[in-house]
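In what follows, a structure is listed as structure tokens, so that the remarks can point back to it.
The values are calculated or read from the model by the stated rules, or taken from the named source; none is laboratory data. No experiment lies behind these values; they were computed from the predicted model shown. Note that each Cβ is placed from the backbone with ideal geometry, even for glycine, and that neighbours are counted across all protein chains shown.
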Amino acid sequence: MSSPRSATIVVLHSHSGDTGRPPATDVLEDLAEVRYVTEKDLVSALPGADVLLVWDFRSHALASAWPAADALRWVHASSAGVNHVLSPEVVASEVVVTNSRGIFDAPMSEYVLALALALAKDLPGTLRLQHERRWRHRETERLGGKHALVAGTGPIGRAIGRTLAAAGMTVTGVGRRARESDPDLGTVLSMDRLAEGLAAADYVVLAAPLTDATRGMIGAAALSAMRPTARLINVGRGPLVVQEDLVAALSEGRIAGAALDVFADEPLADSSPLWAMDNVIVSPHMSGDVVGWRAELVALFHDNLTRYLDGRPLRNVVDKRHGYVREGAP
């Protein structure tokens, strides 16, 4: 990418909450003209802008606003997933897309370990009994020696594999390409062998990107392949799971439990039966959000902005056809 020597940045944020206006953006304003907008003003802000920072990772507004992007050269997502910005028009264009790979790897791997331990040790049951002031001794399970299948072979999946292996678990991966003796995920199965991997797993961890190939990967057939004692952990994307099929499998005892941090529709509806299930942990899309995460996201974008202005290669360039950063890329 040739050096533009100046930039006009549109920052798409929500009104409040996690995706409200980002912090400490004075470092961006020192380098470029910055326009801060919510979805309703995106169309009017895009003309003449060459950079779009999609701070609101829940927003799909770029697709409808695309005709107004007359000068756009680069879109950066403040998330690891990029499905919300990869409209067909963006994929077909020459616009470069980058993501925030690397920020969430360690926090999410720790969160997955915490969820696996909570399920193995029945911490939700302990908290319920404490709330009821009931003293009831139970036996719990060991995590060491169990088998985890990690779906997703990117940096987050790899960090999860390393963390679970350090806790004594045997780890297998599943991804687009099969390989033996992976340093982080052991044997990696191809997606067409998913059922085989599910049948051998005590814990199934979803950390895959949302693509045409992964959407609905855990549905009725996949759940039927799992052991009755197995648990499902999803920190990837909600639509990786067919939620109705999961509710049925949990209700009927066809799998032992689930810990879910992401859902097809967020926030999870009050009417969802998942809230009241004793064998389910529900959390509000927070697995990667540790103290200081917003500042880290701004720092990563600032580093990429200096690269953009200098004409140097950007970090975390996404393969738009597949929705992930190629291994070994800057």
Next item on the list: Would you mention how many residues in the stretch 1-40 are closer than 23 Å to P267 by Cα, touching a residue at least 24 places away in the same chain (Cβ under 8 Å) and part of a loop (DSSP other than H, G, I, E, B)?
Entry: 5
Checklist line | Residues of the stretch 44-59 that turn out to be surrounded by fewer than 19 Cβ atoms within 10 Å (Cβ to Cβ) and out of contact with any Ser or Thr (no Cβ under 8 Å at 6 or more places or on another chain), as a count | finding: 2
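Within the stretch 22-34, can one find any residue that is of a type in the set (D, E), touching a Ser or Thr at 6+ places or on another chain (Cβ under 6 Å) and more than 21 Å from H285 (Cβ to Cβ)?
yes
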Next item on the list: Please give the number of the condition S100 fails out of (1) under 25 Å from A201 (Cβ atoms); (2) crowded, with 23+ Cβ neighbours inside 10 Å.
Entry: (1)
Next item on the list: Residue by residue through the stretch 181-213, note down the ones that are loosely packed, with under 15 Cβ neighbours inside 10 Å and modelled with pLDDT under 95.
Entry: S181, D212, A213
Note to self: Can you tell me how many residues within the stretch 274-314 are touching a Gly at 6+ places or on another chain (Cβ under 8 Å) and either within 14 Å of L53 (Cβ to Cβ) or of a type in the set (S, T, Y) (or both)?
What the structure shows: 1
Next item on the list: Count, please, the residues in the stretch 259-273 that happen to be closer than 11 Å to H285 by Cβ, free of Cβ contacts under 8 Å to residues at least 24 places away in the same chain and among the aliphatic types (A, V, I, L, M).
Entry: 1
Next item on the list: Only residues in the stretch 209-236 that are assigned to a strand (DSSP E or B) count as the first member; pair them with residues that are of a type in the set (F, W, Y) and at pLDDT 95 or above, Cβ under 6 angstrom, at least 6 apart or cross-chain, and list the lot.
Entry: R231/Y203
Check: at pLDDT 95 or above and closer than 23 Å to M226 by Cβ, is that true of L129?
Finding: no
Notebook entry, point to check: Restricting the search to the stretch 303-323, which residues are surrounded by 18 or more Cβ atoms within 10 Å (Cβ to Cβ) and farther than 24 Å from R176 by Cβ?
Noted result: N304, L305, Y308
Notebook entry, point to check: Could you list, in sequence order, the residues of the stretch 42-71 that are within 27 Å of the chain's Cα centre (by Cα) and acidic (D, E)?
Noted result: D50, D56
